[in-house]
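The values are calculated or read from the model by the stated rules, or taken from the named source; none is laboratory data. Here the structure is a predicted model, which is why all the values come from computation and not from measurement. Note: ideal-geometry Cβ built from the backbone for every residue, glycine included; neighbour counts use all protein chains shown.
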Amino acid sequence: MPKLGYGKKWQNFEGVIKKAMAACTETGNIIELHFTDASKSSPMPHGGVREIKNYYLSRLACYLIAMNGDPRKQEIAAAQVYFAVTTRAHEIHQLRMEQEQRLETRLKVSESFKLLAETARCRRPLRKLWHFRRCWLFGPAPPYSGRIEDAQEHS
């Protein structure tokens, strides 16, 4: 707790944790998976026992606490900047992976078109550009039987 600038005042920090838990619930996450209760009992000098609230936090819980903390505290401000920079770096990485996948797909399509053009060229001579375009758009034409009705159906 002192590492986030809240000193020894648990009550101030507990409000931030409750806000983070509310944000966790509102986004459809299960609180118990991210804010695991790790409370401890501490003996008191006159024989009593005092319950000390404690949590094990997931990365999401740390993020939510940092985002709900007081940005005037240096530690919270540093955590907010860290998570913002890390999030941006992840976005850039995802964008790059998508672009690489898109480029790979474009190369595969380009190779397929080259193969299609070669196959069409070998099957029958391309006297007119429209024939190749028709093959590219609709696939190769069915064999022509010589009857006018067949030619009209497939044109």
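With Leu95, Leu115, Leu64 as the choices, which residue is modelled with pLDDT of 90 or more, under 38 Å from the mean Cα position of the chain (by Cα) and surrounded by fewer than 12 Cβ atoms within 10 Å (Cβ to Cβ)?
Values: Leu115 fails: modelled with pLDDT of 90 or more; Leu64 fails: surrounded by fewer than 12 Cβ atoms within 10 Å (Cβ to Cβ).
Of the residues listed, the single one that is modelled with pLDDT of 90 or more, under 38 Å from the mean Cα position of the chain (by Cα) and surrounded by fewer than 12 Cβ atoms within 10 Å (Cβ to Cβ) is Leu95.
If I ask for residues that are assigned to a loop (DSSP other than H, G, I, E, B) and of a type outside the set (Gly, Ala, Ser), which ones from the stretch 31-52 would you list? Walk me through how you get there before you give the answer.
Filtering the stretch 31-52 down to residues assigned to a loop (DSSP other than H, G, I, E, B) leaves 38-39, 44-48.
Answer for the stretch 31-52, where residues must be assigned to a loop (DSSP other than H, G, I, E, B) and of a type outside the set (Gly, Ala, Ser): Met44, Pro45, His46.
Look at Asn29 and say whether it is touching a helix residue (DSSP H, G or I) at 6+ places or on another chain (Cβ under 8 Å), under 24 Å from Lys9 (Cα atoms), of a type outside the set (Ser, Thr, Tyr) and surrounded by 14 or more Cβ atoms within 10 Å (Cβ to Cβ).
Working: touching a helix residue (DSSP H, G or I) at 6+ places or on another chain (Cβ under 8 Å): yes; under 24 Å from Lys9 (Cα atoms): no; of a type outside the set (Ser, Thr, Tyr): yes; surrounded by 14 or more Cβ atoms within 10 Å (Cβ to Cβ): yes.
It is false that Asn29 is touching a helix residue (DSSP H, G or I) at 6+ places or on another chain (Cβ under 8 Å), under 24 Å from Lys9 (Cα atoms), of a type outside the set (Ser, Thr, Tyr) and surrounded by 14 or more Cβ atoms within 10 Å (Cβ to Cβ).
Does at least one position in the stretch 70-77 carry a residue that is modelled with pLDDT of 90 or more, under 20 Å from Gly15 (Cβ atoms) and surrounded by 11 or more Cβ atoms within 10 Å (Cβ to Cβ)?
Here is the first cut: in the stretch 70-77, the residues modelled with pLDDT of 90 or more are 77.
Restricting the remaining residues to those that are under 20 Å from Gly15 (Cβ atoms) gives 77.
Next, from what is left, pick out any that are surrounded by 11 or more Cβ atoms within 10 Å (Cβ to Cβ): 77.
For the stretch 70-77, residues modelled with pLDDT of 90 or more, under 20 Å from Gly15 (Cβ atoms) and surrounded by 11 or more Cβ atoms within 10 Å (Cβ to Cβ): present.
Looking at Gly28, Gly7, can you tell me which residue is among the small types (Gly, Ala, Ser), modelled with pLDDT under 90 and in a loop (DSSP other than H, G, I, E, B)?
Values: Gly28 fails: modelled with pLDDT under 90.
Of Gly28, Gly7, the one residue that is among the small types (Gly, Ala, Ser), modelled with pLDDT under 90 and in a loop (DSSP other than H, G, I, E, B) is Gly7.
Which of the residues belonging to the stretch 60-90 are hydroxyl-bearing (Ser, Thr, Tyr) and closer than 18 Å to Ile17 by Cα? Show your work before the answer.
If we filter the stretch 60-90 for residues that are hydroxyl-bearing (Ser, Thr, Tyr), which is where we start, we get 63, 82, 86-87.
The one that is hydroxyl-bearing (Ser, Thr, Tyr) and closer than 18 Å to Ile17 by Cα: Tyr63.
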